[in-house]
1. Give me the pairs: first residue in the range 108-129 and surrounded by 15 or more Cβ atoms within 10 Å (Cβ to Cβ) and assigned to a strand (DSSP E or B), second residue aliphatic (A, V, I, L, M) and at pLDDT below 95, beta-carbon distance under 9 Å, and six or more apart or on different chains, which are they?
2. Cβ-Cβ below 9 Å, separation at least six or inter-chain, first residue in the range 62-88 and under 17 Å from residue 33 (Cβ atoms) and small (Gly, Ala, Ser), second open to solvent by less than 60 Å² (accessible area, probe 1.4 Å) and assigned to a loop (DSSP other than H, G, I, E, B): which pairs?
3. Could you list, in sequence order, all residues of the range 89-107 that are among the small types (Gly, Ala, Ser), open to solvent by 50 Å² or more (accessible area, probe 1.4 Å) and either assigned to a strand (DSSP E or B) or free of Cβ contacts under 8 Å to residues at least 60 places away in the same chain (or both)?
Amino acid sequence: QAQLVESGGGLVQAGGSLRLSCAASGRTFGSYAMGWFRQGPGKEREFVAAISRDGGSTHYVDSVKGRFTCSRDNAKNSVYLQMNSLKPEDTAVYYCAARPEPSRLSGSDYYTENYEYDYWGQGTQVTVSS
């Protein structure tokens, strides 16, 4: 079992930057592939970014490519989402998610669908003003 807590959200002007953090409890963070999702007002939850268990592979939704960077620090049980050049359409509650993987796997897989994740944080609000 894992508990995930997001932080770093806030209010920022268009063109600004924020870095979101997701801290996981437990001693098995290195076994998790991680993802970021978001849900804007009146919209369904959508995939934003994913990072493999070993940190070597990442994937992003087209709308954030070149602006967002996902990274992880397994020693700190944390995953991060650096968001640059923010746009009003990035306004949403951002959630981190974890998918445990067996150690026998390569560690290079990433996941882009919400049903592929087992654990979810409570979310952090990001508001981008125009």
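1. From residues that are surrounded by 15 or more Cβ atoms within 10 Å (Cβ to Cβ) and assigned to a strand (DSSP E or B), the pairs are 119/2; 119/24.
2. That search, which allows pairs on different chains as well, returns 71/55.
3. Here is the first cut: in the range 89-107, the residues among the small types (Gly, Ala, Ser) are 92, 97-98, 103, 106-107.
Checking the rest, the ones that are also open to solvent by 50 Å² or more (accessible area, probe 1.4 Å) come to 103, 106.
Listed by number, the list holds a single entry, 106.
The values are calculated or read from the model by the stated rules, or taken from the named source; none is laboratory data. Everything numeric in this text was worked out from a predicted model, so none of it was measured. Please note: Cβ atoms are built from the backbone with ideal geometry, for glycine as well, and neighbour counts cover all protein chains shown. The protein model used for the area step is the full one, side chains on, heavy atoms only, and it has no ligands, DNA or RNA in it. Shrake-Rupley method; radii C 1.70, N 1.55, O 1.52, S 1.80 Å.
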